[in-house]
Every structure is written in structure tokens, then in C-alpha cells.
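Each value in this text was obtained by applying a stated rule to the coordinates, not by laboratory testing. Bear in mind that the values here come from a model prediction, so they are computed numbers and not experimental data. Using ideal geometry, Cβ is built from the backbone for each residue, glycine included, and neighbour counts are taken over all protein chains shown.
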Amino acid sequence: MINKPDEQLQTGDNEQHPGMQFLIFAAILVGALIFGNLIGGGIVAAIYGTKPLLAMVSMDVTTPHFANALWIIQITGTTFPIFITPVFFSYVVVKTPQDYIKPSFRIPWVLMLLVLAIMLSSSPLIEFLSNINEKFNLPQWMRDDENAAQKLTDVMLQMNTVWNLIADVLIIGLLTAIAEEFMFRGVVQTIFMRWTNNQHAAVWITAILFSAFHMEFFGFLPRLLLGAMFGYFVVWTGSIWPAVLAHFINNATDVILTYLSQHKKISINLDAPQIFNNTAYIFSFIIVLFLFWIYRDIALKKIRVQQ
């Protein structure tokens, strides 16, 4: 079953109903998140005392060791649980990791180049959706939560040296991409594929959950599109790695641009609401669709040959 496209998965492959699988997976995830945060809090308290932990509640980023404590909580309380949950579920609960986290590398490598081209070409389209999202009349508490989350993100993205940049690219770019793709495009999308028996429904339901999981309401639409793009990368190949690469490119690009902006290496205002114009939005949409068509065609032809 290696490299089997998601559209061929059948609910009967596993005796557990997909709804029950989803509940089990969610329970494991919640438990892992709670345990991870307790471990992270214990590590922070042992090293720095309780002040940084209390500062996180009050959002006092000026507290000594706040950034270090935040990184510890992020890795132990979020990144590691999100990674270990799909791995545990795939290997221990359903015992078919090749179907759930899809670790096969048996894909045409030209697809990875197409993933790179698609991600670079989609930047104007992502900006367009971001601007639409910003115009939504959402409750003030959502804006407050967004500002609080951005405040923490700014702390984590404060990079004084090249080594800080490398660390952020590896953790925020690579590790986060692997963990989140294993969870969403790996396990969650597979569960909904079995549940709905419809690859498009599975991709978009997973994309909605992916965007909602981040709790960043004014970035919901662009993250929804990214989640759908990642989903189709996996559906048409049966491998998680094109989605991991796309996710990494998205995250790492943000990190690198932030570093360059902080050190005055580029003059682009990353907080500007509009960098691209309407023509760029239209061309971005057309190019992304065309590249996706090529990606799908190559992926499905390769799979038919292997069968």
C-alpha cells in the first residue's frame, strides 16, 4: 500500500469507524498537549523560576528569560505533542503508518520543484485573501487574541544573529511543518477521506480544521487556502513530503524575510496591507491553477505506472 493515492483508500481497510478514530486521535492529542505543557512549565520553573510563567499570563514580554521560557513551552507543549500524536496513532492505534502519515519517498522529484514554484507563485493570492479577511467584521475579542498571538510571535521571531535565524528556520520552518503535516494532511485528512469517501471533502474539511486550529481569525482565509493546497499535494501522490516541503517553504520564507527586515537588508514593509497589485493577483491565480494541473497530471500518471 506504499504510495497509494488517498482516493483509493477504503473505509473497510480498518475495522474502526473513522468517527471513532477521530475521537481517539483527538483524545490522544488533548492528553499530549496537556502533558507537554505541564512538562514545559516544570522545566521553565526549574530553570528560571515561576516569574516567566506568570509573565506569559500577563503578556509581560519584558520579564527576564521570557523568550527562553516561551520557546520551551512552545516546543514541549505544542510542537512535540503535535508530532508525537500522529506518530503514536499511526504506529500503535491503527498500525498502518504508510496509510496515515504517508512517509513514502517514492514520488517523482520533479513534483518537489513544482511545489516550490507553486508556493512562490501563490504569494500574491495569499495576500489577496489576507486583505479580504482583514475586512471581516469580527468581534473585538478575536482582534485582541490576534494581537496577543502576534506579540508572542514577535518575541519568537526576534533574531539578533544568523544562528538565531538558523534556529528559527529549523524549528518554526522545518519541525513545525513536519509535525503539523503529519497531524493534518497525514492522520486527520486520511480519517476524513475514509469517513466521507470523497477526497475533495476530506481536503477542505481538514483545511478548515487546520486554519481554525491556529486560532488566528484574521488569517483564516489564507491559511485555509494553504491547507487545501497542502492537502491536494498529498492526495495526488500518497506521500506527505510534498506538503511538508510546501509548509516549510511558507514558514521559512516568513522567518527569513522577517530577519532581513529586522536587519535592514530589505526595504519591503512586511506589515503593509498590499505589496502586490490587482494584475499580480490575477496572474498568481492563473499560474497556480496551471502548475497544479501539471502537478496532478504527473503525480497520477506516475501512480498508474507503479500500479
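Just tell me which lysines come within less than 30 Å, Cα to Cα, of K51; anything on the same chain fewer than 8 places away is out.
K151
Just want the ordering: V92, V234, from fewest to most Cβ atoms lying within 10 Å of their own Cβ.
V92, V234
Note the per residue figure in Å³ for the convex hull of the C-alpha positions in the range 120-213.
141
Between the range 111-126 and the range 136-181, how far is it from one alpha carbon centroid to the other, in angstrom?
Spelled out, the Cα-based centre of one part sits 21 Å from the other.
Could you work out the relative contact order of the chain? I mean the mean sequence separation of Cα pairs under 8 Å and 6+ apart, divided by the number of residues, in percent.
28
Which part of the range 60-101 falls in the paramagnetic zone of F35, meaning amide N under 15 Å from the point 7 Å along Cα-to-beta-carbon?
76-93
Please sort 27-36, 218-227 by packing, taking for each peptide the average over its residues of neighbouring beta carbons within 10 angstrom, highest first.
By packing density, highest mean first, the sequence is 218-227, 27-36.
Determine the calculated [θ] at 222 nm for the chain from helices alone, applying -39500 (n - 2.57) to every DSSP H run no shorter than 4 residues and normalising by the residue count; nearest 500 deg cm²/dmol.
The helix contribution divided over the chain gives -21500 deg cm²/dmol.
Stokes-Einstein diffusion coefficient for the chain at 37 °C in a medium of 0.692 mPa s, Rh from the Kirkwood formula over Cα pairs: what value in µm²/s?
Value of D from the Cα-based Kirkwood radius: 159 µm²/s.
What is the fewest-to-most order of D144, D168 by other Cβ atoms lying within 10 Å of their Cβ?
By the 10 Å Cβ count, ascending: D144, D168.
With helices defined as uninterrupted DSSP H runs, which ones in the chain have an alpha carbon span along their own long axis of at least 30 Å and mean Kyte-Doolittle hydropathy of at least 0.5?
Span-like helices in the chain: 18-48, 241-262, 278-306.
How would you classify the range 30-131 from its alpha-carbon gyration tensor, with a ≥ b ≥ c the square roots of the eigenvalues: rounded for a/c under 1.5, else prolate if a/b is greater than b/c, otherwise oblate?
oblate
Along the Cα→Cβ direction, 7 angstrom out, place labels at I43 and F283. What is the inter-label distance in nm?
4.6
Tell me, in nm to one decimal, what length is gained between L54 and A67 on full extension, where the rule is 0.36 nm per residue of separation less the Cα-Cα distance?
Here the segment from L54 to A67 would lengthen by 3.4 nm.
Report, please, the projected area of the range 151-289 averaged over directions, based on the convex hull of its C-alpha atoms, in nm².
9.3
Could you tell me which residue out of V188, Y232, L33 lies farthest along the dipole of the chain toward its positive end? Charges go on the beta carbon: Lys and Arg +1, Asp and Glu -1, centred on the Cα centre.
Farthest towards the positive pole: Y232.
Build a GNM of the chain with springs between Cα atoms under 10 Å: which of N37, N251, N278 gets the top mean-square fluctuation?
Largest GNM mean-square fluctuation: N278.
Viscosity 0.890 mPa s, temperature 25 °C: give me the Stokes-Einstein translational D for the range 232-283 in µm²/s, with Rh taken as the Kirkwood radius over C-alpha pairs.
After rounding, the answer is 182 µm²/s.
Grab the Cα-Cα distance for N269 and Q150, subtract it from 0.36 nm times how many residues apart they are, and report the gain in nm with one decimal.
Between N269 and Q150, full extension yields an extra 41.2 nm.
For the residues V155, V57, V288, what sequence is obtained by ranking on other C-beta atoms within 10 Å, fewest first?
V57, V155, V288
So what J values fall out for the range 166-181 if you push phi through Karplus, 6.51 cos²θ - 1.76 cosθ + 1.60 with θ = phi - 60°, rounded to Hz, Gly and Pro as x?
4, 4, 5, 5, 5, 7, 6, x, 7, 4, 5, 4, 5, 4, 5, 6
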